[in-house]
Structure formats: structure tokens, C-alpha cells
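Values in this text are rule-based calculations from the coordinates and carry no lab data. Source: prediction; values computed, not measured. Methodologically, a virtual Cβ is constructed for each residue, glycine included, from the backbone with ideal geometry; neighbour enumeration extends over all protein chains shown.
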Amino acid sequence: MSFIKLTNITKYFSDSSIPAVQSIDLSIEKGEILTLLGPSGCGKTTTLRMLAGFEHPSEGSIEIDGREVFNETNSLPPEKRGIGMVFQDYALFPHMTILKNVMFGLNKWTARERKARAHEVLQLVGLEDYATRYPAQLSGGQQQRVALARALAPKPHVVLMDEPFSNLDAGLREKMRYEVTAILRKANTTAIIVTHDQKDAFAVSDRVVVMKDGVIQQIAAPKEMYRCPKNCFVAQFVGKTNLLTGTMDDDLRHIHTHIGKVSLPQQWQERLETVKLSIRPEGCQLTDKGAYCGAVERVTYGGEYQELYIRLHNEPHLSEEPMLIYASIDQDVEVGAI
Ligand code: ADP
Ligand code: MG
């Protein structure tokens, strides 16, 4: 049985006839780190807030640890759902010490238990020595760890984090991706993280949920999502790709796919008028005996590799955009080369 289960969740805000979230079915296992990934406005925060109980779904039900916390007739208030929330801006109390901030959510515990638990989680996030400081005396990364410690302190069923890395600059962001995941794993917590950044999502999650316009597009582990995207949106959202247009035909037994003069060996169940093939830039190579022929339109140095943009010659209908290929920086390529 799943630890957290959203069944057929739809949310209409009162001022809109278009749902912010539509027919979402999602199951999360205990101890799993799951990310909701998608462009701004696709319904990630709304989904998180419905799970937390800050927002009511228009339809559907939500289960946490075997208990129905929301259905058509009942809604458990946020404080009874066993959820730890880390807000985007951390929402620490500036006038309280780090220790007091962490103790804040433990009001049902005895004074002694609260203190002991707060020290325990501060140790877990590596900030035991900062207990008497105030939030303003800490760096962004440290403040985030305090927010995480505060969320973990009451031993919640699940920790929810909304855009946890978006306030951090590039170097710290990478470090915090690692640290946050390590802390969640050590605490053995189930977590749902919202992000619009594919790199965040891939770096921290067991599984990624890609959303668009309130609808789930695909749920998969990062590697599978990258290698086998379900549609063009997912293919383009989780990394750079080339989308080539192809056609299908069938003999009596099989359906064949042709991408220009290249025929794909797979045999398909369904015959479509046109198909799109997603080929990642690192899956292409520049050779003099290739499947496609084109001219180098642009070369960009990316540091450890160079990006080549190739305009296909004989088969312009394959792609309106030039094809992107990653090549070694040792390879000499000139613009205009064919
Ligand atoms: P995301 O977190 O993916 O950027 P949101 O869940 O915040 O997206 O928003 C999804 C959609 O719901 C957007 O169209 C947004 O404008 C709308 N929305 C979010 N919150 C409210 C609200 N309180 N009232 C009305 N519309 C809202
Ligand atoms: Mg959001």
C-alpha cells in the first residue's frame, strides 16, 4: 500500500473556469524523495498546498499513512496531517534563536523533550554549534538547513519543500542539493520537493513527476525520464533534445517508422500520420558517413564540450530547427563546413 496517495485530484480556483490542477493520481512510497517538476504556473505549489491542507481540492481524495485526510465530506486541518513544510523563503522567525526556531513546532512536547529533540535535529543538519545565533547571522544555505531542521523536528510523515533551491546562487545550489538529500535520507523521511529546474529534480529525486497545465505528463526515475520521455514536452523540458519529424507506413504485418531516409527497427502497435523522434545531442555524432547531411550553422563553446548546430540539407522537413550535437573540444569544426 502506498504511503501517500492522491486520487483524482482536481482544483478550480473560484475566479477561473480552467483547473489549476486536473485529475491527478499520484502514489508515494515511504522514504521516497519525489519532485514535482514543471514550468511556472503548472500547478506544483497548488498540489503541495492541497496535500498540506492549506488548499481544498474541488474533487478527489488524499491519503497519508493509511488515513484519509481529505475527501468530499471531510478535511483534516493542516496541523493534524503530520506534515513538515519548508517554505521558499524559509520563513524563520528573525527575533528567535536557531534553537527556539526549531523548537517552535513542538508545542505539544514537554520543555525537556522539545530541547532535546531540537538539539538532535540541529545535529542532524550540522548546525549544533549555531543554536544560540539568530537567523540573520547565518548564510542562506545554513538558514535553509534550519528550516529543514524545524520541519523535521516533530517527526512528520512527510516533508514538503517548495522551490528549496531557488534563492541560492549556482555554487551553493549544487552543494545544497546534495546536503538536503543527505539529510532527508539520514532522517529516513518521505519528501516531496517542488522545482521548475530539471537539474534540481534529477539531482535529488528517486522519481520525478513532470507537470504541464495542471496535468501530469510523466512519472519516472530521472534516468528513465531522460532516456524515454513520453511526449515532446517532457523530452524538451528534461534536457536539450532534437525533435525530428517522421512518417509511418505498414506492410501487412508491421508498422514501420521512417525519419527521412532512416527507418527505425522498432515495430509499433499503432499507426500515426506523423511521429516525432527525440535524439539527445550527446547521441549524435559528426561523421562523413552519417545518416543525415547538413552544414554547420553555429558553434558554441560550452567549456568541456562544444555545441554544434547543424542545418540539415536534403531533408529540411525533418526539423525546422538546426540539429544540436555535442562534440569534443578537440574536434576542429568550422562554421559552413558540410
Ligand atoms: P506553480 O507552483 O507550478 O508555479 P501554482 O500552483 O502556483 O503553479 O499555480 C497554478 C495555477 O493556479 C496558476 O494559473 C495560478 O495563477 C493559479 N493560482 C494559484 N494560486 C491561486 C489562488 N490563490 N487564486 C487563484 N488562482 C491561483
Ligand atoms: Mg510554485
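Counting only helical runs of four or more DSSP H residues, what would the 222 nm mean residue ellipticity of the chain come to if each run contributes -39,500 (n - 2.57) and the total is spread over all its residues?
-7000 deg cm²/dmol
Which order results if C228, C284 are arranged by neighbouring Cβ count within 10 Å, fewest first?
The most exposed by this proxy come first: C228, C284.
For T245 and H95 in one chain, what is 0.36 nm times their gap in residues minus the Cα-Cα distance, to one decimal in nm?
Length difference between fully extended and current span is 48.1 nm.
What is the spin-label model distance, in nm, from S23 to H317 if the labels are put 7 Å beyond Cα along the C-beta direction?
A separation of 3.3 nm, rounded to one decimal place.
Expressed as a fraction of 2.2 N^0.38 Å, the rule-of-thumb size for a compact globular protein of N residues, what is the C-alpha radius of gyration of region 5-143?
Scaled against compact globular proteins, the figure is 1.25.
Show log10 I(q)/I(0) for the chain at q = 0.08, 0.11, 0.15 Å⁻¹, two decimals, from a solvent-free Debye sum over equal Cα scatterers.
Results for the chain at q = 0.08, 0.11, 0.15 Å⁻¹ read -0.51, -0.84, -1.20.
State the extension gain, in nm to one decimal, for the chain segment bounded by S2 and N74, taking 0.36 nm per residue of separation less the distance between their alpha-carbons.
Net length gain for the segment: 23.9 nm.
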